[in-house]
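The values are calculated or read from the model by the stated rules, or taken from the named source; none is laboratory data. Just so you know, these numbers come straight off a predicted model, no measurement behind them. So basically every Cβ, Gly included, is an ideal-geometry build from the backbone, and we count neighbours across all protein chains shown. The protein model used for the area step is the full one, side chains on, heavy atoms only, and it has no ligands, DNA or RNA in it. Shrake-Rupley method; radii C 1.70, N 1.55, O 1.52, S 1.80 Å.
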Amino acid sequence: MKKSVFFISCDEAKHICDKAQYDEASSWEKFKLSVRLMYCNVTQKYYKRNKKLTKVVKSSNAECLNPKEREALEMKFKKELSKH
Amino acid sequence: MPKHEINPNKWIDLYSDYLFNYTISRVNDREMAQDLVSETFLAGLKSMKNFKGDASERTWLISILKRKIIDYYRKINSNKGKAEVRIGYNDDAESEGDWLEERVADPFDKTAEDTLQNAELGNAIHSCLSKLPQKQADVFKMKTILNYETEVICNELNITASNLWVIIHRARTAMADCLEKNWL
């Protein structure tokens, strides 16, 4: 079956929706997503939930160690741990 | 028999981010937060014999960390004089009086309640992250919390971009499920 230019699958819509949360979806992808959002309940639900998750994580100001900081912490700890 | 067991080999993987998030929301200094987390783990190692297993490892480590944070603030307060000098007072004649305005509470600034709620939400996020498979948690943290570029994460973890998006999708679905149960 020929792939439609405007109509995308639910999985593709979810993938674009994920990318959009990180501003990595192109305008064309966003357009295709908005077409799908007009008629697909599953995509609408996923989109709403995904957006909410982004908002929650942003508003929490959650922090975590970056890989280098984590490695430094791990090295220091392992050194001590080996003495026990 | 104790309800909980202690295994320091897994502490870094399981609790370092949770403790770090807990600390940074209270001390607001990244380097200091790392030091306090490191000190907590080391103190935990030293007092492992005292772990009775009534509480979970995480709760036990948090109780050590809380004491470390209190000690940190005690230390700062003992240097209060120095801290006061650090307040930048501008004695430029033209901007005379501006300093008072700067010290008036900003209505758009966070309230104590907001800060507390954000700290709790941050803890809930880290609790949910600890339930994810390690790779999903790592990718989610790097992409969503540390805001790394896709390419950087792919290079760091040696995965392809399409792989990354599959992992992100799974992680986001699991995170939304977990947060809906525990927070939203």
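Overview of values
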read-out: Region B:138-158, residues that are surrounded by 15 or more Cβ atoms within 10 Å (Cβ to Cβ) and more than 22 Å from B:G122 (Cβ to Cβ); value: B:T150, B:C154, B:L157
read-out: Checklist (1) open to solvent by less than 50 Å² (accessible area, probe 1.4 Å); (2) within 18 Å of the chain's Cα centre (by Cα); (3) at pLDDT below 95 applied to A:P67, failing item; value: (2)
read-out: Residue, farthest from the other protein chains (Cβ to nearest Cβ), within region B:13-51, restricted to residues that are within 22 Å of A:E80 (Cβ to Cβ) and part of a loop (DSSP other than H, G, I, E, B); value: B:F51
read-out: Wholly within chain A, helices (runs of 4 or more DSSP H) carrying at least 1 residues that are within 30 Å of B:K46 (Cβ to Cβ) and of a type in the set (D, E, K, R); value: A:67-81
read-out: Residue selected from region B:52-78 under the condition farther than 21 Å from A:E80 by Cα and among the hydroxyl-bearing types (S, T, Y), by the criterion nearest to the other protein chains (Cβ to nearest Cβ); value: B:Y72
read-out: Candidates B:A161, B:A171, filtered to the one that is open to solvent by less than 20 Å² (accessible area, probe 1.4 Å) and more than 9 Å from chain A (Cβ to nearest Cβ); value: B:A171
read-out: The lone exception for B:K10 - which of (1) surrounded by fewer than 21 Cβ atoms within 10 Å (Cβ to Cβ); (2) closer than 24 Å to B:Q134 by Cα; (3) at the interface with chain A (Cβ under 10 Å from one of its Cβ atoms) it fails; value: (3)
read-out: Count of region A:1-34 residues which are surrounded by 16 or more Cβ atoms within 10 Å (Cβ to Cβ) and more than 13 Å from chain B (Cβ to nearest Cβ); value: 3
read-out: Test: residue in region B:58-69 that is charged (D, E, K, R), open to solvent by less than 60 Å² (accessible area, probe 1.4 Å) and at pLDDT 90 or above; value: yes
read-out: Any chance A:V56 is β-branched (V, I, T) and either in contact (Cβ under 8 Å) with a residue 40 or more places away in the chain or surrounded by fewer than 18 Cβ atoms within 10 Å (Cβ to Cβ) (or both); value: no
read-out: Residue in region B:66-75 that is in a helix (DSSP H, G or I) and under 15 Å from B:L14 (Cα atoms) present; value: no
read-out: Any helices (runs of 4 or more DSSP H) falling wholly within region B:112-176 and containing at least 1 residues that are more than 20 Å from the chain's Cα centre (by Cα); value: B:150-157
